[in-house]
Amino acid sequence: MTAPIWDDGAWLGFRPLEGERSADVCVVGLGGSGLAAVHELLELGQRVIGIDAGTIAGGAAGRNGGFLLAGPADFHHDAVRQVGRDRAVALYQRTLREMDRMTSETPDAIRREGSLRVAESDAEREDCRAQLAAMHDDGLPASWYQGLEGEGLLIPTDGVFQPMRRCHARAGHAAMRGAQLFEGTAATRIAGSRVETPTGVVHCSAVIVAIDGRLEQVLPELVGRVRTARLQMLATMPTSEMRTPYAVYSRYGYEYWQQLPDGAVVLGGMRDLGGEREWTDVAEPSEPVQSLLEAHLRTRLGVNAPITHRWAGVVGYTENGLPVFDEVRPGVWAIGGYSGTGNVVGSICGRAVAQQIVRGHAEDRALFTG
Ligand SMILES: Cc1cc2nc3c(=O)[nH]c(=O)nc-3n(C[C@H](O)[C@H](O)[C@H](O)COP(=O)(O)OP(=O)(O)OC[C@H]3O[C@@H](n4cnc5c(N)ncnc54)[C@H](O)[C@@H]3O)c2cc1C
């Protein structure tokens, strides 16, 4: 019951690392971001070892809402206010390109039928109108929407995906391209030239730590900069009680849902209403968030189908909403802290940190950080 609906049990897995190995770069953490780094390193001709303490996509990368939304964590008009118009537009365009790339890499795992931001109050409706105006000013595709899901904004370029299936496909492909990947292999000591695990050692020239939630535990120098929070979800049996092809989010993005092709409804959110207890690294579903989600499912969405899955994942939040992308120890680069929206930005950061290490610079670093 606490496994995400995305886990179809088909993954055969990689064995743990044993003994001493060497590579150019060691990637610690094999979620969507770490796997993007692995592929980019291969592209750049590097020998790569990737390790994960649990399983591929066992973290947030395989436990999320499956939304692919363009832009940073902020809505476009907020991003314009926050970082300026030119940069907000560049960020938006860059995430759109990444989504295109992700779609071409794993077409079977992604559907790009659009997203809906629906308003739950008059004030939010006004905010949706402000967002639409800002997007139109900047030539970004969006239109006003009124339908069964509610009233708000339709963004036709967004989409949904099966996050675990995508990660598994990317991991399998990386292994075929020559990456050495290990599961059940936690990094217990990390230095730029050496990563220790319970049963082995990786010798390398650089390390990428690609962990979102709990990043500050693995690299304590990030305590105070990244704070781990829990996000929770549930899913139902297939149902025809509602029908939507969109990635739908409401109440300023706090609630989000999609419907799978078989009719199952996947719903997440209510973190803020769960209070202080949701600032935790315990990736287990809990009260009161699950009750609030269930009430939302029954009353707001009108779905009475039985609930088949309840699960949680942990992610990293930063004060300014911008991700960590830093060399935190000599030769040790950390990426993470995507503030709840790392599916696309994490992929960009993974690729960029690989470029940073190999080439000494990465254009996207300045765009997405600092
Ligand atoms: C319920 C939920 C809903 C979400 N919805 C969305 C959404 O709709 N859209 C969106 O963009 N984002 C969403 N997110 C956020 C998104 O899932 C994450 O930002 C993203 O998946 C982070 O991926 P990652 O690869 O950076 O990190 P992670 O998925 O955290 O992967 C890190 C990996 O590192 C491993 N690891 C940890 N410690 C060690 C160690 N010491 N040694 C080796 N390995 C280690 C873990 O086992 C894990 O597999 C959601 C998250 C949750 C939990």
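The values are calculated or read from the model by the stated rules, or taken from the named source; none is laboratory data. All values derive from a computational prediction rather than experimental measurement. When we count neighbours, we look across all protein chains shown, and the Cβ atoms used for this are built from the backbone with ideal geometry, even at glycine.
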Test: residue in the range 11-19 that is under 27 Å from Thr95 (Cβ atoms) and not hydrophobic (A, V, I, L, M, F, W, C): no
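Just a yes or no: is a residue in the range 290-299 aliphatic (A, V, I, L, M), part of a helix (DSSP H, G or I), at pLDDT below 95 and surrounded by fewer than 20 Cβ atoms within 10 Å (Cβ to Cβ)? Lay out the reasoning, then the answer.
So the first thing to find is which residues in the range 290-299 are aliphatic (A, V, I, L, M), and the list is 292-293, 295, 297.
Remaining after also requiring part of a helix (DSSP H, G or I): 292-293, 295, 297.
Narrowing further to those that are at pLDDT below 95: none.
There is no residue in the range 290-299 that is aliphatic (A, V, I, L, M), part of a helix (DSSP H, G or I), at pLDDT below 95 and surrounded by fewer than 20 Cβ atoms within 10 Å (Cβ to Cβ).
Take the conditions surrounded by 15 or more Cβ atoms within 10 Å (Cβ to Cβ), in contact with a helix residue (DSSP H, G or I) (Cβ under 8 Å, 6 or more places away or on another chain) and assigned to a strand (DSSP E or B) and apply them to Leu267. Does it pass?
Numbers: surrounded by 15 or more Cβ atoms within 10 Å (Cβ to Cβ): yes; in contact with a helix residue (DSSP H, G or I) (Cβ under 8 Å, 6 or more places away or on another chain): yes; assigned to a strand (DSSP E or B): yes.
Against the criterion (surrounded by 15 or more Cβ atoms within 10 Å (Cβ to Cβ), in contact with a helix residue (DSSP H, G or I) (Cβ under 8 Å, 6 or more places away or on another chain) and assigned to a strand (DSSP E or B)), Leu267 qualifies.
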Looking only at the range 271-289, and only at residues there that are within 11 Å of the ligand (Cβ to nearest atom) and part of a loop (DSSP other than H, G, I, E, B), the one that is nearest to Thr239 (Cα to Cα): Pro285
Subset of the range 340-365 (residues that are of a type in the set (Gly, Ala, Ser) and in contact with a helix residue (DSSP H, G or I) (Cβ under 9 Å, 6 or more places away or on another chain)): Gly340, Gly342, Gly346, Ser347, Gly350, Ala352, Ala354, Ala362
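If a residue counts only when it is without any contact (Cβ under 8 Å) to a residue 60 or more places away in the chain, away from the ligand (no atom under 16 Å from the Cβ) and of a type outside the set (Phe, Trp, Tyr), which strands (runs of 3 or more DSSP E) contained entirely in the range 128-171 have at least 1 such residues? Quick ask: steps written out before the conclusion?
Details: elements: 143-147, 150-155, 159-161.
So the answer is 143-147, 150-155.
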Of residues in the range 300-314 being more than 7 Å from the ligand (Cβ to nearest atom), among the hydrophobic types (A, V, I, L, M, F, W, C) and outside any loop (DSSP other than H, G, I, E, B), the one farthest from Glu149 (Cα to Cα): Trp311
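Taking Gly184, is it touching a Ser or Thr at 6+ places or on another chain (Cβ under 8 Å), at positive phi and within 10 Å of the ligand (Cβ to nearest atom)? Reasoning before the result, please.
Details: touching a Ser or Thr at 6+ places or on another chain (Cβ under 8 Å): yes; at positive phi: yes; within 10 Å of the ligand (Cβ to nearest atom): yes.
Here the answer is yes, as Gly184 does meet what is asked.
Would you check if Glu221 is assigned to a helix (DSSP H, G or I), more than 9 Å from the ligand (Cβ to nearest atom), in contact with a strand residue (DSSP E or B) (Cβ under 8 Å, 6 or more places away or on another chain) and over 30 Å from Met270 (Cβ atoms)?
On the way: assigned to a helix (DSSP H, G or I): yes; more than 9 Å from the ligand (Cβ to nearest atom): yes; in contact with a strand residue (DSSP E or B) (Cβ under 8 Å, 6 or more places away or on another chain): yes; over 30 Å from Met270 (Cβ atoms): yes.
Considered against the rule, which asks whether it is assigned to a helix (DSSP H, G or I), more than 9 Å from the ligand (Cβ to nearest atom), in contact with a strand residue (DSSP E or B) (Cβ under 8 Å, 6 or more places away or on another chain) and over 30 Å from Met270 (Cβ atoms), Glu221 comes out as yes.
Determine whether the range 152-168 contains at least one residue that is of a type in the set (Gly, Ala, Ser), surrounded by fewer than 17 Cβ atoms within 10 Å (Cβ to Cβ) and modelled with pLDDT of 95 or more.
Of the range 152-168, the ones of a type in the set (Gly, Ala, Ser) are 152, 159.
Retained after the next criterion (residues that are surrounded by fewer than 17 Cβ atoms within 10 Å (Cβ to Cβ)): none.
No, the range 152-168 has no match at all.
Any residue that is aliphatic (A, V, I, L, M), modelled with pLDDT of 95 or more and either under 30 Å from Pro261 (Cα atoms) or within 19 Å of the chain's Cα centre (by Cα) (or both) - is there at least one of those in the range 110-117? Walk me through it before giving the result.
From the range 110-117, those aliphatic (A, V, I, L, M) are 110, 116; that's our starting set.
If we keep only those that are modelled with pLDDT of 95 or more too, we end up with 110, 116.
With either under 30 Å from Pro261 (Cα atoms) or within 19 Å of the chain's Cα centre (by Cα) (or both) added as a condition, the list becomes 110, 116.
Checking the range 110-117: at least one residue is aliphatic (A, V, I, L, M), modelled with pLDDT of 95 or more and either under 30 Å from Pro261 (Cα atoms) or within 19 Å of the chain's Cα centre (by Cα) (or both).
I'm checking my understanding of the structure. Among residues of the range 37-74 that are away from the ligand (no atom under 14 Å from the Cβ) and in a loop (DSSP other than H, G, I, E, B), which one is surrounded by the most Cβ atoms within 10 Å (Cβ to Cβ)? Lay out the reasoning, then the answer.
Going residue by residue through the range 37-74, those that are away from the ligand (no atom under 14 Å from the Cβ) are 41-48.
With the extra rule that they be in a loop (DSSP other than H, G, I, E, B), the set shrinks to 44-47.
Working: Leu44: 16, Gly45: 8, Gln46: 20, Arg47: 16.
So the residue we want is Gln46.
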Residues (within 16 Å of the ligand (Cβ to nearest atom), over 8 Å from the mean Cα position of the chain (by Cα) and either aliphatic (A, V, I, L, M) or not in a helix (DSSP H, G or I) (or both)) located in the range 340-364: Ile348, Ala352, Val353, Ala354
In the range 315-339, the residues that are surrounded by fewer than 21 Cβ atoms within 10 Å (Cβ to Cβ) and either near the ligand (Cβ under 10 Å from one of its atoms) or part of a strand (DSSP E or B) (or both): Tyr317, Thr318, Asp326, Glu327, Val328, Arg329
Residue pairs meeting the criteria (Cβ under 8 Å; at least 6 apart or on separate chains; first over 30 Å from Ala305 (Cα atoms) and among the acidic types (Asp, Glu), in the range 214-240; second more than 9 Å from the ligand (Cβ to nearest atom) and not in a strand (DSSP E or B)): Glu216/Leu222; Glu216/Gly224; Glu216/Arg225
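Does Val28 satisfy being more than 6 Å from the ligand (Cβ to nearest atom), farther than 22 Å from Leu116 by Cα and surrounded by 24 or more Cβ atoms within 10 Å (Cβ to Cβ)? Walk me through it before giving the result.
Details: more than 6 Å from the ligand (Cβ to nearest atom): no; farther than 22 Å from Leu116 by Cα: yes; surrounded by 24 or more Cβ atoms within 10 Å (Cβ to Cβ): yes.
Here the answer is no, as Val28 does not meet what is asked.
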Some residue of the range 8-21 being outside any loop (DSSP other than H, G, I, E, B) and within 15 Å of the ligand (Cβ to nearest atom): yes
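Would you confirm whether or not the range 90-99 contains a residue that is within 15 Å of the ligand (Cβ to nearest atom), under 30 Å from Asp127 (Cβ atoms), part of a helix (DSSP H, G or I) and aromatic (Phe, Trp, Tyr)? It would help to see each step written out before you state the result.
Taking the range 90-99 and keeping what is within 15 Å of the ligand (Cβ to nearest atom), we get 91-92, 94-96, 98-99.
From what is left, the residues that are under 30 Å from Asp127 (Cβ atoms) are 91-92, 94-96, 98-99.
Next, only the ones that are part of a helix (DSSP H, G or I) stay: 91-92, 94-96, 98-99.
Next, only the ones that are aromatic (Phe, Trp, Tyr) stay: 92.
Checked against the condition, which is being within 15 Å of the ligand (Cβ to nearest atom), under 30 Å from Asp127 (Cβ atoms), part of a helix (DSSP H, G or I) and aromatic (Phe, Trp, Tyr), the range 90-99 yields at least one hit.
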